[in-house]
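Structure record follows, encoded as structure tokens.
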Amino acid sequence: MTREALHEHLKTGATTVCRAWLVIRRDGLTLGFTDHDRDLAFDGFVFKADTGMTARALQQTTGLSVDNSEAIGALSAASVTEADLLAGRYDDAEVRAWLVNWAGTDERIEQFRGSLGEIIRSNGAFRAELRGLSDRLNQPQGFAFQPTCSAVLGDGRCRFVTLQPGYFADRSLGQVEDNRVFRFADLASFDDRWFEYGRFEVLSGAAAGLIGVVKSDRLNAVDRRVELWQSIGAAMAPGDTVRLIAGCNKSASTCRTKFSNFLNFRGFPHIPGDDWLATYPVPDRPKTGGSLFRGATGVGS
């Protein structure tokens, strides 16, 4: 691939160039599109010409301003489907775009790399915002001093292995209500509320690959009722297989007693709260000079 060769081709005035787009979803599915009238292939990818996907003019900058554009196209069963958009499968998908000489695809230049932003559907078509790599710089960085843990259970800072016996369960669904409330008849071996704030991963069925967060997990004499904060974006049915992972409320006591992982706790359980900062001397309040926190959180020594 030579960028210089493409530049020389563009100088001739009579060009044979087109645009090629690659969309890589978070589940690993890769889709290629081109606005040429024939399919293209390079770098091991095939870029389809019959999908109707194209893009508006790309605004690029030389500084740290965010590059932006929009991808537009028709919804079809062969490429981008309305069901997948509704399910959130294209949320934050990686996008790459090239200017290509279709007469010799070795002559090309990558013009854009970023991700999909807001997606709008209407009248059998879609319009997706494209966000450049510099958009990531707009996100908050660093850590806040707070009593609760700032890590995500199982990530590189937490280091807890969630897929170990006693902390996850693969089960088939019993009853399904609104793709948000699920009942299980064979999950009595886990304590009540064991999965609250945990992950709900769909392993099979039309919603395979989608993930939810558990809002409540209640065990009763008949079955187990699990409710998510939001409905799964694709249809779910009894018999679909899901994986439930234990939840963490990010408190120091839960980290110590439920997960035995307090050495990796990423919070500050002894940091004074607003009530402590607003206190004032009271005559009948004991003044021992001792720790205000020892034994109060279950983590003092």
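What follows draws every value from the coordinates through simple rules; no lab data is involved. Being a predicted model, the structure only gives us computed values, none of them experimental. Backbone-built Cβ (ideal geometry, glycine too); neighbour counts: all protein chains shown.
For Arg218 and Arg127 in the same chain, what is the full-extension length gain: residue separation times 0.36 nm, less their Cα-Cα distance, in nm?
Stretched fully, the Arg218-Arg127 segment lengthens by 28.7 nm.
Beyond 11 Å, what share of the Cα-Cα pairs of segment 152-192 remains, rounded to the nearest whole percent?
73
If you rank Ile232, Ile245 by fewest surrounding Cβ atoms within 10 Å, what's the result?
Ile245, Ile232
Can you list the HN-Hα couplings for segment 237-245, worked out from phi with the Karplus curve (6.51, -1.76, 1.60; θ = phi - 60°), rounded to whole Hz and with x for Gly and Pro?
9, x, x, 5, 9, 10, 10, 9, 10
For segment 168-245, what does the equivalent ellipsoid look like in terms of its semi-axes, each the square root of 5 times an eigenvalue of the Cα gyration tensor, given largest first in whole Å?
They are 18, 13, 11 Å, listed from largest to smallest.
Give the distance, in whole Å, between the Cα centre of segment 184-218 and the Cα centre of segment 1-34.
Between the Cα centres of segment 184-218 and segment 1-34 lies a distance of 43 Å.
Around Phe160, which amide H atoms from residues at least 5 apart in sequence, or from another chain, sit under 5 Å from its own amide H, with H modelled in the peptide plane?
The answer is Gly154, Asp155.
Show me 268-281, 130-143, 102-115 ranked by packing, highest mean number of other Cβ atoms within 10 Å first.
Ranking the peptides 268-281, 130-143, 102-115 by packing returns 102-115, 130-143, 268-281.
Give me a comma-separated list of calculated 3J(HN,Hα) values for segment 87-100, in order, Karplus coefficients 6.51, -1.76, 1.60 applied at θ = phi - 60°, integers in Hz, x for any Gly or Pro.
With coefficients 6.51, -1.76 and 1.60, one gets 6, x, 6, 9, 4, 6, 5, 6, 10, 10, 9, 10, 9, 10 Hz.
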